[in-house]
1. If Lys and Arg each add +1 and Asp and Glu each add -1, what is the summed charge of the other residues whose beta carbon sits under 13 Å from the beta carbon of Glu174?
2. Excluding Lys208 itself, calculate the net charge of residues whose Cβ lies under 10 Å from the Cβ of Lys208, where each Lys or Arg counts +1 and each Asp or Glu counts -1.
3. Run the quick spin-label model on Asp245 and Val106: label points 7 Å from Cα toward the beta carbon, then report their separation in nm to one decimal.
4. Once phi is turned into θ = phi - 60°, what whole-Hz ³J(HN,Hα) does the Karplus curve with 6.51, -1.76 and 1.60 give for every residue of the stretch 170-183, x standing for Gly and Pro?
5. Using a cut-off of 27 Å between alpha-carbon atoms, which lysines can reach Lys65, once sequence neighbours fewer than 8 places away in the same chain are excluded?
6. Rounded to whole Hz and in sequence order, give me ³J(HN,Hα) for the stretch 122-131 from the Karplus expression 6.51 cos²θ - 1.76 cosθ + 1.60, θ = phi - 60°, writing x for Gly and Pro.
7. Hey, can you rank 303-310, 76-83 by average C-beta count inside 10 Å, highest first?
8. Between Thr98 and Ser185, what FRET efficiency comes out of the Förster formula 1/(1 + (r/R0)^6) with R0 = 22 Å and r the beta carbon distance, rounded to 0.05?
Amino acid sequence: MKPLSDSTTSPSVALAPLVGPEALISPSRHRLRPPALLLALGLLLAAAGPALAAEDTVDLKPQWKVGQRMVQQYKTTQKQKIGMPNAAAPMQQATEQTQEVAVSVVKQRPEGGHELSVEFLTMKIESKMGETVMLKYDSKTDKTATGENPMSGIFQKLVGAKFTLLTTPEGEVEKVEGLEKVLESLAAGLPELFAGMVQSMVNSDAVKQMSGLPPNLPKEPVAVGHEWPVKTEVALGPLGTMVLDLRYKYTGLERKRDYSCAVLDHKGFITSKAGSGTGPVSFSGVSGTTSGRSWYVPSVGTIIDSFADQKMKLKMKAMGQDVSMDMDQRVLTKMTEVTTPAE
């Protein structure tokens, strides 16, 4: 297993001292000497010019290697205020969920992309309504989930589940395979209501994001300050569709955890599209904002660290009643392990 460091460093310019401090400052008056300073700056720019030009743009295309395996940890902290009809005060709900997902590069596709295998490794979740624990489960220590949530059983089934992502030559996920089998297993034995909710939450739109890639990377090398729009729709079945209308910005290279990272900032808005209305729960309106930062390593082809902060107001129809929800959420992503094939 390879430690979390890359084998190459970002390009840099090694310069021998061109003009020492004593040449820039007059010993008698301790003032800057403009001619010496200008000469030093001129020599510095002449020496660094070609290297700076080479670093002016960066190619964000993922450079996966067949046999490579990456483990990503996703941690979500969520606080909700839920307004129910005729309730004296909103209910307070807090949920913390951590899961680990392994992404392995299986092979190159004939048309240029890659085949990636995705496996759920661990799941930990605790959800409280006020001080009452509604759900608690840790796949590393528990054989069964505890709490009153009828969906608790799906978490045991999710651990070990696998499916396949097929990517384009640019690294975008274009197809998910094997998801139907996973969904059948997750929904087996659940009441129809909860089976439908599982199938709406674990779908191709959601799992496409598990490769650890920022979405819609530019196809051409980009310079610092380059921005691009990203619009993502996540279908949630009868609930409706969540729409993320974002704008990404490349802000430069930064050294983090021994990697040369492309720093990508994002901000945008969250809205929704109404669902079919046939289910017991559906969105009637969603509005919110999201912002965050990702440290992305093209040479590994994944995000090694990221955070996203989201604030949302949701209006829903639940069992024929109007329900409102204010939600604050933070999502953290961290690459915890990488194994690369021997050269």
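1. For residues surrounding Glu174, the net value is -3.
2. -2
3. Result: 3.7 nm between the two label points.
4. Couplings: 7, x, 7, 6, 10, 7, 10, 10, x, 6, 4, 5, 5, 5 Hz.
5. Straight-line reach from Lys65, under 27 Å: Lys2, Lys75, Lys107, Lys162, Lys175, Lys208, Lys219, Lys249, Lys256, Lys334.
6. Couplings: 9, 8, 9, 8, 9, 10, 10, 10, x, 9 Hz.
7. 303-310, 76-83
8. That pair, Ser185 with Thr98, gives E of 0.50.
Taken together, the values in this text are just the output of simple stated rules run on the coordinates, not laboratory data. Model, not experiment: these values are computed from the prediction. Positions of Cβ are generated from backbone atoms using ideal geometry, with glycine treated the same way; all protein chains shown enter the neighbour counts.
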